[in-house]
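Chemist: Before I ask anything, here is the structure I am working with.
Read-outs throughout are calculated quantities, based only on the coordinates presented, and are distinct from any laboratory measurement. Here the structure is a predicted model, which is why all the values come from computation and not from measurement. Neighbour counts run over all protein chains shown; Cβ positions are idealised from the backbone, glycine included.
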Amino acid sequence: MGNVIHFFSILVCISFVFAAGCTEGGQVEPITESETPEVTETSEVTETPEVTETPEITEPHGTEGEEIIIEVLESPERVRGGETFNIRWKVSGGSPGYISDTRILSSSTHAGPSIDAYPARSFSQSGTSPQEFEGSIIAPAAGNLYFRVYAVVDGIEVISEEKVIGIRTSYQY
């Protein structure tokens, strides 16, 4: 037991010597103004406002190098209300042609060239131009379905022409 006490006594003495050697000459000097970091008050943090408008996107266009084109390859003329169906399209052009996002945008009313006017959207896909894609959407119960295909190629937003699919109700079959 005496050896343990002796060991801890030596350890405490070494700790004091070490701590005293960590300051210059064993003295603690006050911090000068030039060493004190300047603290400034900031105004209250506010939330970033949500963007509610998206700039209108023009019809297919591209960079000077290679025009970006969205071509709808396959879509039905008519579908039954509530039916899930597929649309195939091809995105080509751009330089180098990186497609970071492409999807189907749809609405039950004519929506125009603004992507925000199309409330229904298929899942996002990506790839390298030229590339074909396929997506599925669900038809509304009745009326017509208006859709466009949207893509971002090399950071440039492109939207296809609007297409219309007729919706049949179950009694129209």
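Chemist: With a cut-off of at least 2 residues that are of a type in the set (A, V, I, L, M, F, W, C), name the strands (runs of 3 or more DSSP E) lying wholly within the stretch 102-173.
Modeler: 131-138, 143-153, 156-159, 163-168
Chemist: Follow-up. Can you tell me how many residues in the stretch 87-113 are small (Gly, Ala, Ser) and in contact with a Gly (Cβ under 7 Å, 6 or more places away or on another chain)?
Modeler: So the count comes out to 4.
Chemist: Inspect all residues belonging to the stretch 107-122 and state whether any of them is touching a helix residue (DSSP H, G or I) at 6+ places or on another chain (Cβ under 7 Å) and not acidic (Asp, Glu).
Modeler: yes
Chemist: With crowded, with 18+ Cβ neighbours inside 10 Å and in contact with a strand residue (DSSP E or B) (Cβ under 6 Å, 6 or more places away or on another chain) as the only criterion, which of Ser106, Ser100, Ser136, Ser126 stands out?
Modeler: The unique qualifying residue is Ser106.
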